[in-house]
Amino acid sequence: MPAKIAPSILSADFGHLDRDFQMINQSQADWFHVDVMDGVFVPNISFGFPVLKSLQKVATKHLDVHLMIVDPDRYIADFAQAGAQTLTVHYEACTHLHRSLQAIKAHGMKAGIALNPHTPVDVLSDIIADADLVCLMSVNPGFGGQKFIERTYDKIKALKALIERENAHALIEIDGGVTLENAAALHQAGADVLVAGNTVFGSANPVETIAELKRRTQ
C-alpha cells in the first residue's frame, strides 16, 4: 500500500490559500497537514483557528493538525470544533500525555503523538497502544525547508518494532525534509504518512509532484 501524502499548508502561498486548498483537493494527496505554532514551544508563529476554519469549509480530505504549542490541552475542544480529524500533540509538551490522548478521542478525533528529533521512541512504550498516529520530526520543528536528519530511518524502524511488539496500530508519520529522493526509502523503512511542504509547494507542478510522491511509495 502506498504512503499517505499530506501536503503541509505551512508552505502554501498565503496570498492564494483558496487556490492551494483546491489544488490539494484535486490532487492525489490523502490529507491536509496543518502545523500550528505558538512561538513558545517552537521559535515561530504560524496560524490558528481562522485559517483552519476556512480550510474546514472547503477541504474534501482528512485534516491532520499538528500542535507545536505549550499546554495543548486548553485547545482540544476548539480544534475539534474547527474541523481537526487527527490532532497531534508533542510528547515534550504534555505533562499528562495519556490524559491528553483520551481528551482528543473524547472529542471525536484521532489522537497523535509527535516526537522531536532528540526524543527516543522508547519513551512511548507505555502509551503507544493509545495512539492512532506517531509523528516523527525529521527536522527540528518550527521552520520549513530544513535538511532531513538521516537518523530518522533508524527511529522509524525502532518505532515500527515497538508498535508490532505492543500489538498497537499507530500510523507512522514523517514530518520534515521529505523529498522525491527519500520518499521511497522512508516508506520502505516503515513510514505510513509523508508530510511534504516545500517539496510540493516549491515545485513547478505541485499536483504532479504529489502524484510522483505517491508513485514512489508504491
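Throughout, read-outs are computed from the coordinates displayed, never taken from laboratory work. Just so it is clear, the model here is predicted, and its values are computed rather than measured. Because the Cβ atoms are built from the backbone with ideal geometry, glycine has one as well, and the counts that use them run over all protein chains shown.
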Virtual paramagnetic centre 7 Å along Cα→Cβ of M1, amide N under 20 Å, in the stretch 94-113: 109-113
Please report, ordered by residue number, every helix of the chain (full DSSP H runs) that is 30 Å or longer along its axis going by C-alpha atoms and whose mean Kyte-Doolittle hydropathy reaches -0.5. none
Structure-derived volume of the Cα convex hull per residue in Å³: which label, when the choices are [x] 109; [y] 133; [z] 181: [x]
So how far, in whole Å, is the C-alpha centre of the stretch 126-192 from the one of the stretch 1-64? 19
Among L55, F79, A103, which residue has its Cα positioned farthest towards the positive end of the charge dipole of the stretch 4-216, with +1 placed on the Cβ of Lys and Arg, -1 on the Cβ of Asp and Glu, and the dipole taken about the Cα centre? L55
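From the helices alone, meaning DSSP H stretches of at least four residues, give me the mean residue ellipticity at 222 nm for the chain, per-run term -39500 (n - 2.57), in deg cm²/dmol to the nearest 500. Write out the running numbers ahead of the final one.
Working: 8 runs with 72 residues, N = 218.
Value at 222 nm, helices only: -9500 deg cm²/dmol.
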Two-site label geometry, D154 and N140: point separation in nm, points 7 Å out along Cα→Cβ: 2.0
Roughly how many nanometres apart are two label points built 7 Å out from the Cα toward the Cβ at A161 and N205? 4.2
